[in-house]
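Only one structure is covered here, and it is reproduced in the block below.
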Amino acid sequence: KNEVEQSPQNLTAQEGEFITINCSYSVGISALHWLQQHPGGGIVSLFMLSSGKKKHGRLIATINIQEKHSSLHITASHPRDSAVYICAVQNSGGSNYKLTFGKGTLLTVNP
Amino acid sequence: KAGVTQTPRYLIKTRGQQVTLSCSPISGHRSVSWYQQTPGQGLQFLFEYFSETQRNKGNFPGRFSGRQFSNSRSEMNVSTLELGDSALYLCASSLTGGSYNSPLHFGNGTRLTVT
């Protein structure tokens, strides 16, 4: 079983829909990252969080440390949101910089 | 402020050769981390450098190595290339690495093809 599981693997939505991508992990973490990758490879860091909830524009990220679960929500989705969304956990402990990644969720938003 | 710069963007090498990739972080960032991305394995952590010291390493063979210079620029080297090393190699910089308030900034990657 992977340390970081994302669901769904693929998601197709109509413009304007509310989207949720889930991430579950099995290890202790110091932080969780949500990343966005467009075709061509470039990765953008959307959120880095260790508790609670963060909001940036139409994007909302939440994390429940007890449940070892995080969600990324996109409100009023738009075709430009089409990308791969990747969850990554930063492990806790003395050497706390090591990232473990989920396999990603391919989101396609149709106009 | 300039972003993270990786060079070269594309590289084609032959099995058995070695390759060096370069990463220039955002000015003021002291942490540089490297990642390998393949269709089969997805993104995997290679190693992280902070102030010229390797602090963490992922589960890769010793053929993968790196270093960081005093100006925070970093290089990674892969020796004795194998076909399976074909991948997109990404680097990311952050102010301190490992800190909650130190998000990652990624470069556009170097796409390595081994033939």
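The values are calculated or read from the model by the stated rules, or taken from the named source; none is laboratory data. Since the structure is predicted, the reported quantities are computational estimates derived from the model, not experimental observations. For neighbour counting, all protein chains shown are included, and Cβ atoms are generated from backbone atoms with ideal geometry for every residue, glycine included. Remember, those area values only see protein heavy atoms, side chains included, never the ligands or the DNA or RNA. Shrake-Rupley method; radii C 1.70, N 1.55, O 1.52, S 1.80 Å.
Summary of packing: across the peptides A:75-84, B:30-39, the per-residue average of other C-beta atoms within 10 Å ranks them, highest first, as B:30-39, A:75-84. For peptide A:97-110, the mean count of partner chain Cβ atoms within 10 Å of a residue's Cβ comes to 4.
Measuring between their Cα centroids, region B:63-115 and region A:1-59 lie 22 Å from each other. Quick one: if the Förster radius is 25 Å, what FRET efficiency do residue A:56 and residue B:82 give, using the C-beta to C-beta distance and rounding to 0.05? Result of the calculation: an efficiency of 0.05. Buried accessible surface for the B/A pair, both sides summed and rounded to the nearest 100, is 1800 Å² with a 1.4 Å probe. A simple rule links phi to the HN-Hα coupling: the Karplus curve 6.51 cos²θ - 1.76 cosθ + 1.60 with θ = phi - 60°, which for region B:42-55 gives x, 7, 9, 6, 9, 6, 9, 10, 9, 6, 6, 10, 6, 9 Hz, with x for Gly and Pro.
With contacts taken as Cα pairs under 8 Å at a separation of at least 6 residues, chain A carries a relative contact order of 37 percent.
Once the C-beta distance of residue B:70 and residue A:108 is scaled by a Förster radius of 41 Å, the resulting FRET efficiency is 0.35 to the nearest 0.05.
Figure note: B:13, A:103, A:55 ranked by solvent-accessible area, largest first, 1.4 Å probe, ligands and nucleic acids not counted: A:55, A:103, B:13.
Once all protein chains are placed together, residue B:111 keeps about 100 Å² accessible to a 1.4 angstrom probe. Using a probe of 1.4 Å on the protein chains alone, the accessible area found for residue B:67 is around 130 Å². Considering only alpha-carbon pairs that sit under 8 angstrom and 6 or more positions apart, the relative contact order computed for chain B is 36 percent.
For the residues of A:58-66, the average number of beta carbons from a partner chain within 10 Å of their own beta carbon is 0.
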